[in-house]
Structure formats: C-alpha cells, structure tokens
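I have placed the structure first, in the form of structure tokens, so that the comments after it can refer back to it.
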Amino acid sequence: MLIIVALALLVLLGQYLWFYVFAKAEGLVFAPARTPVLAVVDGGEAVRVPAGEVGRFELTLGAHRVRLQLGGASLAHALTIKAAHERIVLPVAAPQCFATLDVTTSHYQRSSQAGQPPSLPLLTDRHTEAEPFALPANVFFSQQDLPERANAQAGVYLFRPVACQLLGLPNEDLVKTIEAQGVLQTPLSR
C-alpha cells in the first residue's frame, strides 16, 4: 500500500513539474522594420528586439504582464497562459497588422511545366490586432524558419507583419508587396 501511495505521489510530482515548471509557452514580438522594441515581462529585465526582427521569449503557465516600448510609446498587455506550448503574438501597436500566407504549394510543389516560375503563395488571412492572440504550430515567421518538407494535411503558413494601409490591397497585390520584401524565396529555387 505504501508503495502505491509513493508511486502516485511521484506521478503527481512529475505532472506538476511538466505542467508548471518545464512546460513553457512562447511570446512573440514583431518589431517594425525601422524601430526596435523593448519587451519587459512581469517587471523583469528588458529584452531588446532589433528592428525588423521577431523577439521570442518564454512564458510559464499563469498570468503575465508584458510591457512593450516602441520609440517613445509604451503598450502593456495582460495575458494568461493556459496551456504549454502556446505561441502568443503580442502586438507592438494598437493595432498591428499581419498577413498569413499559405506557402504549401508555392514553396513545396514543383511546377508541372518545366521553366515555369513557382506560383505565388495564397493569402489566407489579414489580421488587424491590438490584443495578444495565439498562432498554431504550422505558422512560421521567416524563410529560415520554414521546414524542409511540408505537412500536406496541415499546410505550411508564413506569418508576416505588414503596414496596416496595405491590407486594403487586392490579394495578389498584397502578396507581391510582401514578396518584394524578399521573404518569399521558395526553397525549390534556393
């Protein structure tokens, strides 16, 4: 009987450690192209996110307060992490705008006709966000982050910050504008 109780306590301790100590979520800050961002999580040390880069930091389960400084402006987000391995985008402006591109076909399938350029990615979503929001695991932030192979069932998506005024462009024009930023080179053409 004592052994069963001891094993049960070990299992509970293991679950506690996994869910509350080792399991982490990821906070994501997309700094604008020309301005760095300072991120302060729960009053801790400021983390500098260089202009045009994605800042990543760990968030434990529970409540957090994240302060973001962009130039002279400051923005605070209160959020609660409820599950391990969440990926939470923290907008640096109210709003900050993003586009989600499906690159599964354009980046991972060869053209059926030789000499044809790869197709453009498909614009799947436009985001105008002021509050933190979650992203699924199959969303990536740069060309370097993209996996070597696509999961055809889940797809592969590229998530990019864009100037809010560009969200009014037709889909193809918006994709071409993002492509002009140099972030859509296909793995097949490397």
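Rule-based calculations on the coordinates, nothing more; no lab input. Everything numeric here is computed off the predicted structure, so don't read it as measured data. Glycine also receives a Cβ, built like all others from the backbone with ideal geometry; neighbour counts cover every protein chain displayed.
With 0.36 nm allotted per residue and the present C-alpha distance subtracted, the Lys176-Ala134 stretch has 12.5 nm of extension available. Which value in Å is the Kirkwood Rh of the range 22-102 over different Cα pairs? It is 13.0 Å. The Cβ shell under 12 Å around Leu122 holds other residues with a net charge of -3, Lys and Arg each +1, Asp and Glu each -1.
From most to least packed by mean Cβ count within 10 Å, the peptides 63-71, 99-107 give 99-107, 63-71.
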